[in-house]
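Structure first, then comments.
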């Protein structure tokens, strides 16, 4: 009924025939990007709720007899509302899940070589989405203005300040003056609720448009069947109704999981951290920033030198050069590993010894840096941890490469015998 | 781009009409974007004296920065050897760069490169802001031998050398002038 009413006015049938009948290839790993998208939707919904109640200001106001920044007071008041704390936790957990899902999605694309021509652009768009999502998480850190927030942001301020040549200017631009300044919270709030979400929505739209235009990569198992049929269409299920039903139930399952986690596992308890005070609390950022944080712990503190008048400090290496370098390596992958023709089927990771083992080694390296964020609890000296990190990632790379080469030699021999 | 209008083909020496138009367009876009660059200056405010520039002066009196007696004057007698407290100069607590760590050790323990003339009755003041990532340092107290206690920064788990001897090689924090009038 409603559809008919709308169709008479908007000619929806055309749209339905063109887009909703598109096919989506089925493979268990093709839903990872959807986890990220759905987490983003949950983030927006909970973010709207929080945005109505949050006060982006550091003006001191009374709260239970003590003077605290009004941003902190407003978040404490949100926590006291019925469901308030749960909504805040759902927001924070969804952010962690979104960034994790993007990373796992990126790994899937990497290991199956789906980034190859013609999908280099979408690889870069996806990579920017990952970076901007972390920017959203970072600006969100400061907003409750607890002792934790201020310490975490102060660390980032020093990292921005350590950029050679333009560090002072960059840090003042990002933090609206020298942090802590009264302008920092309003500027971060604007970035967190306006600038970054708009960029994310735009890039997600572009990511999906390119996906629709280029079509999804298909599982290898489709290849023979497709050649036998001689068809050009993707083999899979149509967006409407099959894929839509799967996605929708998947969304609600994710929502259920996030609510469950948020209900039982506390996250960022600002009441425990308290308002900003002198002294650095023993704290650790969320897992994705632990990579950089761990790297900063490992790097020797006296490693300073000058290049063309620019000062390179340990913070420059750990906080600026290392993340930039990692992103550049990721960005270059589709341009360094090129296939022969257009890649429309996913590759078997076992058949690509070099790229797969490189990915495993790199993955272990990043995991070890997360562990390095915990060296104080693990009672490992930074020097020992540096050795462990380098050795374990090199070992993972070498061993997996050797094993995959052996496997492939066996496979080739098997093929020849047959 | 190759098929230029026949009218332009004639004069090879001068600028073609197409190139001229293109040049004007590029120049105007560059000019418009260039004028926006001035905004970047406005958006990065420079706060003189704020941020992480300490305003501690000789003669400042130190007060507790943390704990139950926050705001009270720190008395030499209230600190034992091996103790350290976080302190602010009185009336300058709004500047986070002013936080210092007041350490009390045995007077005879101080040796170069510590500026011995800047110590007072076994007390020494260091900036509590770590030179690396701006975290506030903490004091690791060794009960058995107070002189081997040291300053540590949690953010990167490294120890600063403290006055008695260089325990673990690390850059020294900025040492402040401790004037007799700074303490009560």
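The values are calculated or read from the model by the stated rules, or taken from the named source; none is laboratory data. Because the structure is a prediction, the values reported are computed rather than measured. Counting neighbours? That spans all protein chains shown, and the Cβs are built from the backbone with ideal geometry, glycine included.
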Residue among A:57, A:128 that alone is surrounded by fewer than 19 Cβ atoms within 10 Å (Cβ to Cβ), more than 13 Å from the chain's Cα centre (by Cα) and either assigned to a loop (DSSP other than H, G, I, E, B) or touching a residue at least 60 places away in the same chain (Cβ under 8 Å) (or both): A:57
Scanning segment A:261-290 for residues that are under 23 Å from the mean Cα position of the chain (by Cα) and under 30 Å from residue B:101 (Cα atoms), the one nearest to the other protein chains (Cβ to nearest Cβ) turns out to be A:283
Output the residues belonging to segment A:371-387 that are at the interface with chain B (Cβ under 9 Å from one of its Cβ atoms) and in a helix (DSSP H, G or I). A:375, A:376, A:382
Residue among B:177, B:173, B:105, B:118 that alone is at pLDDT 75 or above, under 25 Å from residue B:90 (Cβ atoms) and either more than 10 Å from chain A (Cβ to nearest Cβ) or within 22 Å of the chain's Cα centre (by Cα) (or both): B:105
Could you check residue A:235 against (1) over 26 Å from the mean Cα position of the chain (by Cα); (2) exposed (fewer than 12 other Cβ atoms within 10 Å of the Cβ); (3) not in a helix (DSSP H, G or I) and say which number it fails? (2)
Among (1) more than 14 Å from chain B (Cβ to nearest Cβ); (2) out of contact with any strand residue (DSSP E or B) (no Cβ under 6 Å at 6 or more places or on another chain); (3) part of a helix (DSSP H, G or I) - the single one residue A:243 does not satisfy: (2)
Filter segment A:81-117 for residues that are part of a helix (DSSP H, G or I) and farther than 26 Å from residue A:30 by Cβ and give the result. A:84, A:85, A:86, A:87, A:88, A:89, A:91, A:92
Within segment A:191-205, which residues are surrounded by 15 or more Cβ atoms within 10 Å (Cβ to Cβ) and under 15 Å from residue A:36 (Cα atoms)? A:197, A:200, A:203, A:204
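Specify the residue that is surrounded by the fewest Cβ atoms within 10 Å (Cβ to Cβ); the eligible residues are those in segment A:308-321 that are in contact (Cβ under 8 Å) with a residue 24 or more places away in the chain and either more than 14 Å from every other protein chain (Cβ to nearest Cβ) or in contact with a strand residue (DSSP E or B) (Cβ under 6 Å, 6 or more places away or on another chain) (or both).
A:309
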Enumerate the pairs (first residue in segment B:134-161 and at the interface with chain A (Cβ under 10 Å from one of its Cβ atoms) and over 21 Å from residue A:380 (Cβ atoms); second residue anywhere and part of a strand (DSSP E or B) and modelled with pLDDT of 80 or more) with beta-carbon separation below 6 Å, excluding pairs fewer than 6 apart on the same chain, so at least 6 apart or on different chains. none
Tally the residues that are touching a residue at least 60 places away in the same chain (Cβ under 8 Å) and more than 14 Å from chain A (Cβ to nearest Cβ), restricting the search to segment B:121-133. 3
Residue that is nearest to the other protein chains (Cβ to nearest Cβ), among those in segment A:142-156 that are in a helix (DSSP H, G or I) and over 21 Å from the mean Cα position of the chain (by Cα): A:154
Take the residues in segment A:187-231 that are without any contact (Cβ under 8 Å) to a residue 24 or more places away in the chain and in a loop (DSSP other than H, G, I, E, B), then tell me which one is nearest to the chain's Cα centre (by Cα). A:231
From B:41, B:92, grab the single residue that is part of a helix (DSSP H, G or I), at pLDDT 75 or above and under 28 Å from the mean Cα position of the chain (by Cα). B:41
